[in-house]
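Report on the following structure.
The values are calculated or read from the model by the stated rules, or taken from the named source; none is laboratory data. Small disclaimer: the values here were computed from a predicted structure and weren't measured. Reconstructed Cβ throughout: ideal geometry from the backbone, glycine too, with neighbour counts over all protein chains shown.
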Amino acid sequence: MHETCDDPIDVVVSFTDGRVTPRRLRWRGREYAVERVNLIHATNEGERRVFYFSVSDRNHDFKLRLDTEALQWKMVELYADG
């Protein structure tokens, strides 16, 4: 299953060696433990710096968006088994 969305989420992160690493996220009332960070990339949207994180738990792949100006996280894509 593949779903695109633009939903606000809550994310618990760790800061290590100047890097932000998502550890847990809450989306639509459910919590997910991030087991792997697959890719991090940044882009500029006008004057705004935005980071995208591709992360996984055991059954899902998530694409998360961090707007550094608004300090807001969003779920932008979900891939799930089944």
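Restricting attention to the range 44-57, which residues are among the small types (Gly, Ala, Ser), surrounded by fewer than 16 Cβ atoms within 10 Å (Cβ to Cβ) and not in a loop (DSSP other than H, G, I, E, B)? The answer is SER56, and nothing else.
Looking at the range 29-57, which of its residues are within 14 Å of the chain's Cα centre (by Cα) and among the charged types (D, E, K, R)? Listed by number, the residues that qualify are GLU31, GLU35, ARG36, ASP57. Within the range 58-68, the residues that satisfy the criterion of being surrounded by fewer than 16 Cβ atoms within 10 Å (Cβ to Cβ) and charged (D, E, K, R) are ARG58, ASP67.
Among LYS74, LYS63, which is assigned to a strand (DSSP E or B), touching a residue at least 40 places away in the same chain (Cβ under 8 Å) and among the basic types (Lys, Arg)? Exactly one residue qualifies, and that residue is LYS74. Reported count of residues in the range 1-43, each being in a strand (DSSP E or B), among the hydrophobic types (A, V, I, L, M, F, W, C), in contact with a strand residue (DSSP E or B) (Cβ under 6 Å, 6 or more places away or on another chain) and without any contact (Cβ under 8 Å) to a residue 60 or more places away in the chain, is 10. A search for C-beta distances below 8 Å between a residue of the range 44-59 that is closer than 14 Å to TYR32 by Cβ and of a type outside the set (Val, Ile, Thr) and any residue that is modelled with pLDDT under 95 and not in a strand (DSSP E or B), counting only pairs 6+ apart in sequence or on different chains, returns ASN59/ASP81. If you go through the range 15-37 and keep only what is exposed (fewer than 10 other Cβ atoms within 10 Å of the Cβ) and either of a type in the set (Val, Ile, Thr) or touching a Lys or Arg at 6+ places or on another chain (Cβ under 6 Å) (or both), you end up with just THR16.
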